[in-house]
Amino acid sequence: MDIRFGQLTQFIYSHHLFTGVRQAVGMLLPVVVLGGLFGLYAMGLVATFGALCVAIIDQPGPHRHRMNEMLLATLLGTLTVMVTGLASGHEWLIWVAIIGQSFFFSMLTVFGLRGGLIGFACLLLMTITMHTPLTPAQVWPHVLASLGGGLFYVAFSLGLGWLMGLRQERQALSTALFATADYVAARADLYDSTLDLDESYRRLILRQARMTDEHQAARDMILRMVQTRTRGAAPGHPARVRLWNIFIDMIAILDTMVATSTDYTLLRRALHDADVLLFARDALGKLSNDLRRIALAVARNRPALHRTSVKAELRAIEFEIDQLRQQDYARREPEVYALLIQVLRRLRNATRIVERLYEHTQARGAIQPIGGARLQQSLTRFLSRQSFRLGLLRSHLRLNSPHFRYALRVSLAVTLGLMVSSFWLSGSHLIEHGYWIILTIVVIMKPGFAMTRQRNAWRLSGTLLGCVVTVILMKLGIGNSWLLLALVVSCIMGNSLLLLNYMLSSAFNTVFVLLGFHFMAPGSLMVIGERALDTLIGCVIALLCSYVLPWWESRHMGGLVRAATRANRHYLEAGMLYVQRLQAIHATAGDADVPVSMAVPASAGQGQAAEQEAGTSSGEGGQNEAEEARINMQLARKNVHIAFGNYAEAFYRMMNEPRSKQHHVPELNNMLIQHHVLASQISAIIARLATLDSVPPTVLQTLLWLDRMLGEKGAVPAQPEALSDLPPELDDLRYSLKQMVRAAQMIRQESAVLREAEGD
């Protein structure tokens, strides 16, 4: 398929549209069945609202996790309906119930994204239930209908997941591949001297953070499902093995791209707009397009056709490097020449991996998994885990907790919304559906100031757009059949675009709700004006309350910096231990003299006896220790990506906050870059040391010095000896170590500035 249609095709085959359709069908079926077959439209609508609460939680993920989360949402949603319904008939009790639930469910953000979704779903159900006062006799049928709708959706979603389990895995992997393609494209921009380097680097970091999230989502799905039986795909099924192999090589692409950090400033200054940089840019651009085709093929479950080749670019780069060599450039500019060699090697490796990815999509019949012997062991690692503990909730009941402050802001905003709808505008018929004010508040308000302000504008724009579209649809005079079709399409698109385009999602959701009111009360356009006014009032209240006890991102940037530093240090130590284990095997096998001991710090290896001497491993035991060290190194590398992503996202959120709340921007931006450089060079140097029989003493001293430099406290260790005694064949090591030393020094220097400011 033509890559020009990639965006539309990517959406059609993505999990976003699939999830939107699943949620829409699961939500609307109760009202269709109960209303259409039995005439119980009111009961069916309540059941649909119960299903809506669960549908919000129903995001892509492993079956067991989704089941637990949806059952928890069903339970909490049912309790929400019961409490709100029983209190709705009492003027002041409903205030206590609404404000209390707003605080409690907002506090669920302490459990992360999933907890926040559960809290939002319950707040949504609370807002809908408060719309009409209920008598005690009406409450219990209402509660049972909501419970039935929630349980129906759980059964529907899990059943569909069992029937289409492979499709969901393919979509998760496809999304991760598209994110990888975006990252590679951002890498290509760094070689374009016509583009601003700082802006290109900012895009690269943001795309790397997004790619890390998508890789973790695919990892959770693929690794957990590879041993799960679903319809048409038992454990070890060729289709599942194919997805496993694609996932492994997708991670290999990431490793290749970040295996070394190129000094793009140096390249641009030394080579300007030389052809060699343009060839590198074009090669990465082609590889990015190849990854997009592979991602689309995975989503469609079809073989990918190889449409491009980077052989011409690679040969051109080789020719340019050879020309520079003949001009004695390697002696005049050794660092630039070494960088070009690294770029060429990286492009060659990436090309080979992309070729393998094409082959994986075309493989049929019996397929052997990559690293099959390590498959089961890998399943017990690398997966994200989350637990819902009440102790965590209690520990955040303090004013210096961002979650507690967020819950207070939401409670205050909801209180103001109730006051406006109940007192100030109580005489206006335009505010009859004043619950929409509360709905707008709970939808817009987020823990972060920047996100709340951004969502405020999107929500208001989307609602106004939805109102205009609804007026046009109703003025066209088309029949109810077409309006019903528009309602269903709006429901699907509103759910599908929620994570892609919030403004359009709000517009479609507004059309869905307004058309729903039209079917319940035909002929009235008054409700459209009510929605617009309610949304405007809710946006104003949410914006004002976002300034109450705000939690500025700068307040916890220091903790994120320290987390990134610890992650890089652990990665360095785990890599040193891995090299030590490999060299011990070589020494025992008699392939080389006993290597210089890596003297790995005791904290390396995640609980292993790192102080064990290199020569004590032998035979199968040595192989097992090396394999264990390799897995620990990969785990440490994954944690580096996660910590770096958290740091980068928080930093750029801070940049969207008021300028007066942006503290230590130069220091934080510099450390962000240096952490990226450090992690890349650690990957490069560990891979290089793994090919050597022994570690040169000066390299070992430098690595141990780096480990001490990355420590959070203590005096600055003495500078290691110069690396000039390394032989020419280890020039790449010299360059990587220089980069690491410079990065570690700058990280320590800027961290000291932050610690001093925090002490003030």
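State to the nearest 20 debye the size of the charge dipole of the chain about its Cα centre, where the only charges are +1 on K and R beta carbons and -1 on D and E beta carbons.
On the way: 71 positive and 58 negative charges, 366 e Å.
The dipole magnitude comes to about 1760 debye.
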So what J values fall out for region 347-355 if you push phi through Karplus, 6.51 cos²θ - 1.76 cosθ + 1.60 with θ = phi - 60°, rounded to Hz, Gly and Pro as x?
5, 4, 4, 5, 5, 4, 5, 4, 4
Charge context of Asp275, other residues only, Cβ under 11 angstrom, K/R +1, D/E -1
-3
Report the charge-dipole magnitude of region 390-551 in Debye, nearest 20, computed about the Cα centre from +1 at each Lys and Arg Cβ and -1 at each Asp and Glu Cβ.
600
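So, R0 is 45 Å and r is the distance between the beta-carbons of Ala239 and Arg389; what FRET efficiency does that work out to, to 0.05? Could the numbers behind the result be given before it?
Details: r = 37 Å, r/R0 = 0.83.
Computed FRET efficiency for Ala239 and Arg389 comes out at 0.75.
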Spatial separation of Cα centroids for region 77-112 and region 195-225, in angstrom
37
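Extension gain Ile673-Leu399, at 0.36 nm per residue separation less the Cα-Cα distance, in nm?
On the way: separation 274, 0.36 × 274 = 98.64 nm, distance 3.28 nm.
Length gained, Ile673 through Leu399: 95.4 nm.
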Given the Cα-Cα distance of Met526 and Arg300 and 0.36 nm per residue of separation, how much length would full extension add, in nm?
76.9 nm
So the FRET efficiency between Trp92 and Gln662, C-beta based with R0 = 45 Å and rounded to 0.05, is 0.55
Which of the lysines could a cross-linker bridge to Lys661, judged by Cα under 23 Å and excluding same-chain residues fewer than eight apart?
Lys446
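Return Thr262, Thr78 ranked ascending by Cβ neighbour count within 10 Å, so the fewest neighbours appear first.
On the way: Thr262 19, Thr78 22.
Least to most surrounded, the residues fall as Thr262, Thr78.
Decide, for the chain, between rounded, prolate and oblate: order the square roots of the alpha carbon gyration tensor eigenvalues as a ≥ b ≥ c, take rounded if a/c falls under 1.5, and otherwise choose prolate if a/b is larger than b/c, else oblate. Intermediate results must be reported in sequence, preceding the final value.
On the way: a/c = 1.99, a/b = 1.79, b/c = 1.11.
Prolate, since a/c reaches 1.5 and a/b exceeds b/c.
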Which peptide among 23-29, 662-668 comes first, and what is the full order, when sorted by highest mean count of other Cβ atoms within 10 Å?
23-29, 662-668
For region 282-298 and region 689-713, write down the distance between their C-alpha centroids in whole Å.
37
Distance between region 133-182 and region 475-494 - C-alpha centres, whole angstrom
23
Taking only Cα atoms, what is the 0 to 90° angle, nearest 10, from helix 449-475's long axis to the longest principal axis of the chain?
50
What ³J(HN,Hα) values, in whole Hz, does the Karplus curve 6.51 cos²θ - 1.76 cosθ + 1.60 give for region 551-558 when θ = phi - 60°, with x put for Gly and Pro?
10, 6, 4, 4, 5, 10, 5, x
What percent does the relative contact order of region 390-551 come to when contacts are Cα pairs within less than 8 Å and at least six residues apart?
36
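For Cα pairs less than 8 Å apart in space and 6+ apart in sequence, what is the mean separation divided by the residue count of the chain, i.e. the relative contact order in percent? It would help to have the intermediate numbers written out before the result.
Values: 1039 pairs, mean separation 101.9, N = 760.
Once divided by the residue count of the chain, the mean separation gives 13 percent.
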Given charges at Cβ of Lys, Arg, Asp, Glu: the chain dipole, positive-most of His306, Leu151, Leu243:
Leu151
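Take peptides 248-257, 114-123 and line them up by average Cβ neighbours within 10 Å, highest first, as a rough protection proxy. Before the final figure, lay out the partial values.
Numbers: 248-257: 20.3, 114-123: 23.0.
Highest-to-lowest ranking by the protection proxy: 114-123, 248-257.
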Modelled label-to-label distance, His272 and Asn349, 7 Å Cα→beta-carbon offset: nm?
3.2
At 7 Å along Cα-to-Cβ for each site, give me the label-to-label distance between Arg325 and Thr194 in nm.
3.1
Lys/Arg +1, Asp/Glu -1 at C-beta; region 164-379 dipole; positive extreme among Ala280, Gln327, Gln216:
Gln216
Decide, for region 390-551, between rounded, prolate and oblate: order the square roots of the alpha carbon gyration tensor eigenvalues as a ≥ b ≥ c, take rounded if a/c falls under 1.5, and otherwise choose prolate if a/b is larger than b/c, else oblate.
prolate
Can you give me the angle between helix 112-129 and the longest principal axis of the chain, using Cα atoms only, in degrees from 0 to 90, rounded to the nearest 10?
10
What angle, in degrees between 0 and 90 and rounded to the nearest 10, separates the Cα long axis of helix 15-38 from the longest principal axis of the Cα atoms of the chain?
20
Added length on full extension, which subtracts the Cα-Cα distance from 0.36 nm per residue, Arg653 to Leu635:
3.8 nm
Quote the relative contact order of region 164-379 in percent (integer), defining contacts as alpha-carbon pairs under 8 Å separated by 6+ residues.
31
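Based on the mean of other Cβ atoms within 10 Å per residue, sort peptides 93-99, 393-399, 458-464, 477-483 so the most packed one is first.
Details: 93-99: 17.7, 393-399: 12.1, 458-464: 21.3, 477-483: 10.6.
So the order, starting with the most tightly packed, is 458-464, 93-99, 393-399, 477-483.
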Neighbour-count ranking for Val54, Val443, Val110, Val468 (other C-beta within 10 angstrom, fewest to most) reads Val468, Val443, Val110, Val54
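Computed from the coordinates by the stated procedures, all read-outs in this text should not be read as laboratory data. Please read these numbers as outputs of a predicted model, since none were measured by experiment. Cβ coordinates were reconstructed from backbone atoms using ideal geometry, including for glycine residues, and neighbour counts include every protein chain displayed.
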